[in-house]
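Below is one structure, written out as structure tokens, with a few remarks after it.
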Amino acid sequence: MTKFGSPEQLSDFSDFGRQQVLRDVQRDGESRALCSPDGKHLFLLLPHRLLSFLRLPTEAPLLPASYLEITWTSPQLVGVLFLECSEHPWLLTLVWESGRAEVWSPPRGPFSKGWVLLQTLELCNSARARVVSVCNSGRDLVWCEERPPSGAKALSSSSSTDRPYSYCICQRFLVLHKQQVTLGGMKIVLHHSPLYHLHSTPHHIFMIPDGGTKGIATRLLLVYSHVEEKITMTSISTGLIHSKSLTEAESDFQKMVVEYLGFVTSQTPLNNVCLNVTKSGELLLMDSSRHIYLLSPDGAMRLVCDIDNHPVASDAQIAMQIFDRTLACALDSVLYLIDISTGRLMEKKILNADRLFFLSVFETSAIQFLTKNGIYKISRSSGVMGNFENNVKSEPALVEMIFEEACKYYQRRSLSNTKLTVQSLKTEGVFQAPIMLSSILKYYQKKEKSIDLKYVDLLSTMNNDLESYLSLERLKTCIINVAEEDIEKYCEDLVDQEINRLLHSDLDRESLIYINSLFSLFPEAAWLSVRNNLQFQQNGDGKLVVRATPDMWKKVLGPLPSGSKESSQNGVYPLFEVICQSLYTFKPKWLPMFVKHAQDCLGLSWGFSNKDNCESVPLYKRALSVLSKQKEYTTADQDCDLEVDILLCSGRPLAITQAIHILIGLQQWERVMEETKKFSQLSPVITKDIFVTLLVEFVKRRYLDAYVNQICDICPEDMTATALLRIVLQNLPKTEGDQCPFPSDDGAHFTIGLLKPLLSKVLQNQARIDQKAISPTFLPSPPPRTDKLGADHVFLNGNGLTPEYCPLTDIRTANGL
């Protein structure tokens, strides 16, 4: 299930100054991208060149000095640091291998002169010292420098590899007063130290051994807390080993580790290929086998995941960062998105980029990365279900799980009364599939090139199911050991995986009972899961749009499992009712539109008839049954409005009539007339029923006097004056005693004047019908013309009279009267 959307471009570098230079530099050669803490400056670091690019718009004027460009040949640039100062948000500090440091102030304000070099400093006390790694924590500069040998030691060793403990970790405090920058006294954190690469957080320094270092140094990682003045020893395989204060360790690496020498020797050496400090102050490490570890400042080491078993190529481009509990790992052009809490691979994306850098340039919580084509983001969409590459250690669990599922499957379909067991499946060969599956499991994670072709199709078919089952088991294991404050998040993931698994499998009676229990025990988590699985979305008008796949609709509206009808009395309901109840609880306004979508999808040809669907009970009636069970928890007005909306959205004539009757009972006359006009053309039966109902209300009470014209508009054409008067006379309110001709109760009685518009409309309709009835379809032949009438001619029933004139005296004369 997808958790993340497609990459969206935030910037094509058009909102940066010197945008063409920015594009050209990235295309011409390999560079490293950095961003200032405020996100206003972007830096590209090349082998012998550093360039800055100002983000637009900016307060300062765009001058040539607004962009920093530094080139050098030697010595080598060791670090590009951003120092925090009380007078300035940040200062750029460049440190070279020789120990020279430059402190630059960026352009700020409308009167800025651009980049200003505040000070050039010398970090090392000896001119022969060499800085190999540097970092900063606030205004503290901490670096690892190589000390030159002295005396006989200089003659006995000529290279740094022959002197593995010739380094020391140093620290100096930077003081800024106005535009003057000075350095405090040097503090030696560690003497006789191996070569360590330093990475900093606001309060801690991570010391990672160099890959070329030999001995116990490759097995030992250090975390230095300059606030507490202590050093913590840790390793990849064990985690925390010990923590000592600097005074106790006497600032000497060899003395600090001597009592743990035997234990450290047994630890797994770190073959690190990539590392990065997270925003939360932890350190991510990836070794050559693609195992990703997370090192906490307290020395705790955790294996996050193993994204692949193949070793990392020497020229691979790797980047890692954590965004809101999601680990984003870019390995060449493949982006892995991993849940940092459970270690599950949620999604894998193929990017059209050779190299990228994770930078927080814009203010957004989404995953941001920079490529040579621009800055992109990947936003989290929905769902927490993902895939994970399982390791070989999980094979027995998967094999056992397959047998157990097969046992349940065949037990339900077996014609024998004999109880099937996992052991019988294995020994008696009743079910052969697990034997084949277990034989391919050894290929499941290895992905060997020599994999047997006959397993490829089967592996691709069951790959998602195996990953789903194993990630589910791992998640359950995590919940046992998780902190109390994180249990809710893990439970949400667990419920989501379970519901997602059930919706993609055959819904039998057992599964239906399980779904009911999940919605009962974890209502909110279950609602979030079903919302993601059925893709409930809200359009611009605030109405529900359901983008569920046909397979999902089959699960919701398909035939009920045998026996489920009886179980509803015990609190187990069909899936449609379960979803309606969840909608009613968390999003009641969406319930009517969900019923409408369900009815539309029910008309599709899915291989089952309406008889299979809960004995042809209309879906709107099933939804209304959910309302009737929940009335005691809500107000009557809310239930009535929701009931009316469900009835109207159903589109059924009887339901529409029932809804309008409810509105009449609620005396919502304006909506009554609105819905009546809307549905009056749907069916003559609906129109006549509504008209008679409104006429009765019009006769009995005075609420509809203002709507008499609208009542006339829906008057059926076949309504006669006799039928109208009969309805009026039958529903006149009964009076007690003699009524005076002119009552004095403000005209509250029904009068003939109020009935006049309706009578006029009925008479007009009747006259129109009569005219159509007597109008011949062809003109009759005219009678023969005579100059005068014969004496014996008799007028009978008007025959022989012209339409214009017929004197009564002539008629009497002709008839002998």
For the range 484-493, name all the residues that are open to solvent by 40 Å² or more (accessible area, probe 1.4 Å) and among the hydrophobic types (A, V, I, L, M, F, W, C). ILE487
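Report, by residue number, each residue of the range 277-298 that is surrounded by fewer than 16 Cβ atoms within 10 Å (Cβ to Cβ) and free of Cβ contacts under 8 Å to residues at least 60 places away in the same chain. Give the derivation first.
Of the range 277-298, the ones surrounded by fewer than 16 Cβ atoms within 10 Å (Cβ to Cβ) are 279-281, 289, 298.
Answer for the range 277-298, where residues must be surrounded by fewer than 16 Cβ atoms within 10 Å (Cβ to Cβ) and free of Cβ contacts under 8 Å to residues at least 60 places away in the same chain: SER280, SER289.
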Give the range 575-602 a look and list any residue that's among the aromatic types (Phe, Trp, Tyr) and farther than 14 Å from VAL546 by Cβ, or say none. TYR584, PHE586
Which ones in the range 655-694 are of a type in the set (Ser, Thr, Tyr) and either under 16 Å from ASP645 (Cα atoms) or part of a helix (DSSP H, G or I) (or both)? THR657, THR676, THR687, THR693
Condition check: buried (at least 18 other Cβ atoms within 10 Å of the Cβ), modelled with pLDDT under 95 and either closer than 19 Å to LEU34 by Cα or touching a Pro at 6+ places or on another chain (Cβ under 7 Å) (or both). Does SER112 satisfy that? no
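To keep it simple, each residue is scored yes or no on (1) assigned to a helix (DSSP H, G or I); (2) within 17 Å of PHE173 (Cβ to Cβ); (3) at pLDDT 90 or above.
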{"residue": "PRO57", "(1), (2), (3)": "no, no, no"}
{"residue": "ALA60", "(1), (2), (3)": "no, no, no"}
{"residue": "ALA65", "(1), (2), (3)": "yes, no, no"}
{"residue": "VAL78", "(1), (2), (3)": "no, no, yes"}
{"residue": "PHE82", "(1), (2), (3)": "no, yes, yes"}
{"residue": "HIS88", "(1), (2), (3)": "no, yes, no"}
{"residue": "SER98", "(1), (2), (3)": "no, no, yes"}
{"residue": "GLU102", "(1), (2), (3)": "no, no, yes"}
{"residue": "PRO107", "(1), (2), (3)": "no, no, no"}
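Could we say that TYR707 is loosely packed, with under 15 Cβ neighbours inside 10 Å, of a type in the set (Phe, Trp, Tyr), at pLDDT below 85 and out of contact with any Cys (no Cβ under 9 Å at 6 or more places or on another chain) here?
Working: loosely packed, with under 15 Cβ neighbours inside 10 Å: no; of a type in the set (Phe, Trp, Tyr): yes; at pLDDT below 85: yes; out of contact with any Cys (no Cβ under 9 Å at 6 or more places or on another chain): yes.
Judged against the criteria, TYR707 is not a match.
Restricted to the range 638-689, and to residues that are among the charged types (D, E, K, R) and closer than 22 Å to HIS597 by Cβ, which residue is most open to solvent (accessible area, probe 1.4 Å)?
LYS678
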Among the strands (runs of 3 or more DSSP E) contained in the range 284-364, which hold 1 or more residues that are touching a Phe, Trp or Tyr at 6+ places or on another chain (Cβ under 6 Å) and either more than 28 Å from LEU44 (Cβ to Cβ) or β-branched (Val, Ile, Thr) (or both)? 301-306, 345-350
Can you tell me how many residues in the range 264-276 are open to solvent by 50 Å² or more (accessible area, probe 1.4 Å) and under 12 Å from GLY239 (Cα atoms)? 1
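Select from the range 501-537 the residues that are among the aromatic types (Phe, Trp, Tyr) and open to solvent by 70 Å² or more (accessible area, probe 1.4 Å) and write down the one among them that is nearest to VAL572 (Cα to Cα).
Initially, the range 501-537 is screened for residues among the aromatic types (Phe, Trp, Tyr), giving 514, 519, 522, 527, 536.
When the remaining residues are screened for being open to solvent by 70 Å² or more (accessible area, probe 1.4 Å), the result is 514, 522.
Working: TYR514: 9, PHE522: 15 Å.
Only one residue fits best here, namely TYR514.
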Lone unmet requirement of (1) farther than 26 Å from LYS489 by Cα; (2) open to solvent by 40 Å² or more (accessible area, probe 1.4 Å); (3) out of contact with any Asp or Glu (no Cβ under 8 Å at 6 or more places or on another chain); (4) not in a helix (DSSP H, G or I) for THR234: (2)
Quick check on the range 679-698. Is at least one of its residues within 30 Å of THR585 (Cα to Cα) and either modelled with pLDDT under 85 or small (Gly, Ala, Ser) (or both)? yes
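Residue-by-condition table, conditions (1) more than 23 Å from SER280 (Cα to Cα); (2) touching a residue at least 60 places away in the same chain (Cβ under 8 Å); (3) not aliphatic (A, V, I, L, M):
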site	(1), (2), (3)
GLY185	yes, no, yes
ILE188	yes, yes, no
HIS197	no, yes, yes
HIS204	no, yes, yes
THR213	yes, no, yes
VAL227	no, no, no
MET233	no, yes, no
GLY239	no, yes, yes
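Each row is one residue, and each column tells you yes or no for (1) of a type in the set (A, V, I, L, M); (2) on the phi < 0 side of the Ramachandran plot; (3) crowded, with 19+ Cβ neighbours inside 10 Å; (4) within 20 Å of the chain's Cα centre (by Cα).
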{"position": "PHE323", "(1), (2), (3), (4)": "no, yes, yes, yes"}
{"position": "LEU337", "(1), (2), (3), (4)": "yes, yes, yes, yes"}
{"position": "GLY343", "(1), (2), (3), (4)": "no, no, yes, yes"}
{"position": "THR364", "(1), (2), (3), (4)": "no, yes, no, yes"}
{"position": "ILE367", "(1), (2), (3), (4)": "yes, yes, yes, yes"}
{"position": "LYS372", "(1), (2), (3), (4)": "no, yes, no, no"}
Quick one: GLY239 ticks every box in (1) at positive phi; (2) of a type outside the set (D, E, K, R); (3) open to solvent by 20 Å² or more (accessible area, probe 1.4 Å) except a single one, so which number is it? (3)
Residue identified as buried (at least 16 other Cβ atoms within 10 Å of the Cβ), touching a residue at least 12 places away in the same chain (Cβ under 8 Å), out of contact with any Gly (no Cβ under 6 Å at 6 or more places or on another chain) and under 18 Å from VAL116 (Cα atoms) among LEU42, LEU34, LEU54: LEU42
(1) part of a strand (DSSP E or B); (2) free of Cβ contacts under 8 Å to residues at least 40 places away in the same chain; (3) open to solvent by 20 Å² or more (accessible area, probe 1.4 Å): which one isn't true of THR73, the others all being true? (1)
Conditions first: (1) under 30 Å from SER14 (Cβ atoms); (2) surrounded by 14 or more Cβ atoms within 10 Å (Cβ to Cβ); (3) modelled with pLDDT of 85 or more. ALA353 passes all but one, so which condition is the exception? (3)
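Quick one: how many residues across the range 121-148 are at pLDDT below 90 and in a loop (DSSP other than H, G, I, E, B)?
8
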How many residues, within the range 82-108, are open to solvent by less than 20 Å² (accessible area, probe 1.4 Å) and closer than 19 Å to ARG55 by Cα? 6
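The values are calculated or read from the model by the stated rules, or taken from the named source; none is laboratory data. These numbers come from a predicted model, not from an experiment. FYI the Cβ positions are ideal-geometry reconstructions off the backbone, even for glycines, and counts take in every protein chain you see. For the accessible areas, the whole protein counts, side chains as well, though only heavy atoms, and no ligand, DNA or RNA atoms are used. Shrake-Rupley method; radii C 1.70, N 1.55, O 1.52, S 1.80 Å.
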